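Q: Pasting in a structure now, in structure tokens, and then I'll have a few things to ask.
Coordinate-derived values only; no laboratory data. All of these numbers come straight from a predicted model, not from anything done at the bench. Heads up, the Cβs are rebuilt from the backbone with ideal geometry, glycines too, and the neighbour counts pull from every protein chain shown.
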Amino acid sequence: MAESGDQESSIIKTFRNSGYRATPQRIAISRYILSSHEHPTAQKVYSEVKKNHPTVSLATIYTTIKILEEIGMIQEFNHPQSETRLDPNMKPHLHLICSRCETISDWLDSGMEEFIAKVSAEANFVVTGLRFDLKGICNSCKDDGVGGGSMTAAGELSRTKDADDSTIQV
Ligand SMILES: [Zn+2]
Ligand SMILES: [Zn+2]
């Protein structure tokens, strides 16, 4: 496929320009992380890459993650309920974190960059990174009828009986 070939050559180029060797394992790890929309853990990357590269080690996974972070291709963030997640989306975006299935979805809004610029200017604060999480119940969990917290129009938290987590972090 032309597309993955393009991605592969751009990974190789970026690695070499930054002084790193682009080994087949590092390329496979990078390709997996960069094309994933699930914010995978290092462990998940390991088990996926291992399918085609049985000799890959967890150490190589961690080294590659460090390189990708250093050259600005991915960012890491801590999931409130589980391990550190990897995120190849470097544009300002929100995370919608489902407290039931732990799915993390990206939400891009064109107003975000404007909002960040406004805060930065008004607070006289140079923004070098951001973290914006909305916790809640995703659409498929909601449809499953498992319940959980929801925000009312008034901004108060209404909860069903088995909601166990009432904190809203922004
Ligand atoms: Zn869910
Ligand atoms: Zn993300």
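Q: To the nearest 0.05, what FRET efficiency results for LYS50 and GLU113 with a Förster distance of 41 Å applied to their C-beta separation?
A: 0.60
Q: Assuming R0 = 45 Å, what is the FRET efficiency of ARG16 and THR103, from their Cβ-Cβ distance, to the nearest 0.05?
A: 0.80
Q: Report the label-to-label distance for ASN139 and ARG31 in nanometres (one decimal), using points 7 Å from each Cα along the Cα→Cβ vector.
A: 3.1 nm
Q: Amide H neighbours of LYS135 under 5 Å, at least 5 residues apart or on other chains, H built in the peptide plane: list them.
A: Distant-sequence amide H within range of LYS135: ILE97, GLN169.
Q: Let me ask another. Can you give the extra length, in nm with one decimal, that the chain gains between HIS79 and LEU130 once fully stretched, where that is 0.36 nm per residue apart less the Cα-Cα distance?
A: Result: 16.9 nm gained on full extension.
Q: While we're on this one: Take the alpha-carbon centre of the stretch 81-95, take the same for the stretch 46-73, and report the distance between them in whole Å.
A: Measuring centre to centre over Cα atoms gives 17 Å.
Q: Could you sort out which of LYS13/LYS91; LYS118/LYS142; LYS51/LYS91; LYS44/LYS66; LYS91/LYS118; LYS51/LYS142 sit more than 25 Å apart by Cα distance in this structure?
A: Among LYS13/LYS91; LYS118/LYS142; LYS51/LYS91; LYS44/LYS66; LYS91/LYS118; LYS51/LYS142, the Cα-Cα distance tops 25 Å for LYS118/LYS142; LYS51/LYS91; LYS51/LYS142.
Q: Still on this structure, I have one more. How far, in nm, would the chain grow between SER120 and LYS66 when pulled straight, counting 0.36 nm per residue and subtracting the alpha carbon separation?
A: Length difference between fully extended and current span is 16.6 nm.
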